[in-house]
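Participant: The structure that follows is given in the form of structure tokens.
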Amino acid sequence: MKCFVTGASGFIGSNLVQELLARGHHVKALLRPGADERGLQGLKYERVTGDILDRKLLVREMDGTDWCFHTAASYHLWLRNYAPMYETNVEGTRNVLEAAGKVGCRKIVYTSTVGCIGLPQPNDGKIIPATETEKITPDQMGSDYQRSKFRAEGVAMNLFHKTGLPVIIVNPAAVIGPGDAKPTPTGQLILDFLNRRVPAYLDTGWNWVHVHDVVAGHILAAEKGRFGERYILGHRDGNWTLQHTLAVLAKITGLPAPKTKMPHWLAERFAEFGEGVAFFTGQPPRVALAGVRLARHKMWYNPGKAIRELGLPQTPPEQAFADAVAWYRANGFVKLK
């Protein structure tokens, strides 16, 4: 297949380009000027330099494309000005999807996030991992990133319903593994642990998934996914508390896990102070307030639909963490021995 990938230098995007090429597909990769191309070194792909806000470029370069994978996004939990993030995530998505429809793309896979799915609900004291049917409420969206991606999902679904656009939405959970060069907020947790910058833990949790499973899920969505459907790309055994996550990292690395549990109210005060300083310095705070507020909930999800319908691989989360640790160490991200 002739594939067009936006966000090709990103964590998911670069791994996706690698996997598409390994499976024999032709890849045209959209890269912004000055993009970090470490994850694409040595790969034989067709490069396009440009931006998803350039409608004419998208139509011109997508012509003849069979599958379009829109992974590009602005992923930040803190910014001085969030307007560019909304422009990229919402209007950029509209541009990519409309261009793909205009040139007759057969399959369009849009990369969303589990942050657009409603939070897990308690039942008799137990937390039931959420499925794609759980609707998110405005009060559950604690970050501008979530809100921008939720609006982008709305754009995708409106285009599907109104024009029959062949779009399939994938909602990755907390993605980890090799190649997270920026890094993402989830990757930053691993880096902070490796660099001894996690003095305490919060009562929170995520669904962890290997980036290799996530990119396989993208390709499987193009092969088998139903138009207008959402698929959680996660791990059925990946719903871990932060305390358990740090214990696994300790086992992998030999480093000690923090034993102190920090109350959420104290973490929020710390984040508020950090953001106050960041507003004046322009440097991102060490801990974003949006992230701390989201941490009041255990973001646990059920990827059963993607496993049943797509055959989503299920690499053990322990392996995902081990691969991420090895990649960070091999690429000079760890400052302490």
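The values are calculated or read from the model by the stated rules, or taken from the named source; none is laboratory data. Predicted model only: the values in this text are computed from it and were never measured. So basically every Cβ, Gly included, is an ideal-geometry build from the backbone, and we count neighbours across all protein chains shown.
Participant: In region 151-183, which residue that is small (Gly, Ala, Ser) and farther than 16 Å from Lys102 by Cα is modelled with the lowest pLDDT?
Facilitator: Filtering first and then ranking leaves Ala181.
Participant: How many of the residues in region 147-185 are in contact with a helix residue (DSSP H, G or I) (Cβ under 6 Å, 6 or more places away or on another chain), β-branched (Val, Ile, Thr) and not in a strand (DSSP E or B)?
Facilitator: 2
Participant: Evaluate region 222-239: report whether one residue or more is buried (at least 21 other Cβ atoms within 10 Å of the Cβ), touching a helix residue (DSSP H, G or I) at 6+ places or on another chain (Cβ under 9 Å) and more than 20 Å from Trp208 (Cβ to Cβ).
Facilitator: Yes, region 222-239 contains at least one residue that is buried (at least 21 other Cβ atoms within 10 Å of the Cβ), touching a helix residue (DSSP H, G or I) at 6+ places or on another chain (Cβ under 9 Å) and more than 20 Å from Trp208 (Cβ to Cβ).
Participant: Counting only residues that are buried (at least 23 other Cβ atoms within 10 Å of the Cβ) and under 21 Å from Arg296 (Cα atoms), how many does region 177-192 have?
Facilitator: Going through region 177-192 one residue at a time, the tally reaches 2.
Participant: Something else about it: Tally time: how many residues in region 14-39 are at pLDDT 95 or above and either touching a strand residue (DSSP E or B) at 6+ places or on another chain (Cβ under 7 Å) or acidic (Asp, Glu) (or both)?
Facilitator: Summing the residues that are at pLDDT 95 or above and either touching a strand residue (DSSP E or B) at 6+ places or on another chain (Cβ under 7 Å) or acidic (Asp, Glu) (or both) in region 14-39 gives 12.
Participant: Restricting the first residue to region 13-29 and requiring it to be over 20 Å from Thr49 (Cβ atoms), which pairs with a second residue that is at pLDDT 95 or above and assigned to a helix (DSSP H, G or I) meet a Cβ separation below 6 Å and a spacing of at least six or different chains?
Facilitator: Partner pairs satisfying both residue conditions: Asn15/Val211; Asn15/Val215; Glu19/Val215.
Participant: Same structure, new question: Among all residue pairs at least 6 apart or on different chains, which show Cβ distances below 6 Å where the first residue, located in region 232-248, is on the phi < 0 side of the Ramachandran plot and the second is among the small types (Gly, Ala, Ser) and surrounded by fewer than 21 Cβ atoms within 10 Å (Cβ to Cβ)?
Facilitator: If the second residue must be among the small types (Gly, Ala, Ser) and surrounded by fewer than 21 Cβ atoms within 10 Å (Cβ to Cβ), the pairs left are Leu246/Ala257; Ala247/Ala257.
Participant: State all residues of region 76-95 that are closer than 16 Å to Ala8 by Cα, touching a Ser or Thr at 6+ places or on another chain (Cβ under 6 Å) and either crowded, with 23+ Cβ neighbours inside 10 Å or at pLDDT below 95 (or both); if no residue qualifies, say none.
Facilitator: Asn89
Participant: Please state which one of Gly7, Gly92 is touching a Gly at 6+ places or on another chain (Cβ under 6 Å), closer than 20 Å to Ser112 by Cβ and not β-branched (Val, Ile, Thr).
Facilitator: Gly7
Participant: Within region 307-331, can you find the residues that are at pLDDT 95 or above, surrounded by fewer than 19 Cβ atoms within 10 Å (Cβ to Cβ) and assigned to a loop (DSSP other than H, G, I, E, B)?
Facilitator: Gly311, Pro313, Gln314, Thr315, Pro316
Participant: Still on this structure, please answer the following. Could you say which residue among Ala222, Ala216 is modelled with pLDDT of 95 or more, aliphatic (A, V, I, L, M), under 21 Å from the mean Cα position of the chain (by Cα) and more than 15 Å from Gln319 (Cβ to Cβ)?
Facilitator: Of the residues listed, the single one that is modelled with pLDDT of 95 or more, aliphatic (A, V, I, L, M), under 21 Å from the mean Cα position of the chain (by Cα) and more than 15 Å from Gln319 (Cβ to Cβ) is Ala222.
Participant: Starting from residues that are assigned to a loop (DSSP other than H, G, I, E, B) and touching a residue at least 24 places away in the same chain (Cβ under 8 Å), keep the ones in region 30-50 and report whichever is nearest to Cys3 (Cα to Cα).
Facilitator: Tyr45
Participant: For Lys44, all conditions in the list (1) surrounded by 15 or more Cβ atoms within 10 Å (Cβ to Cβ); (2) in contact with a helix residue (DSSP H, G or I) (Cβ under 8 Å, 6 or more places away or on another chain); (3) of a type in the set (D, E, K, R) hold save one; what is the number of the exception?
Facilitator: Failing condition for Lys44: (1).
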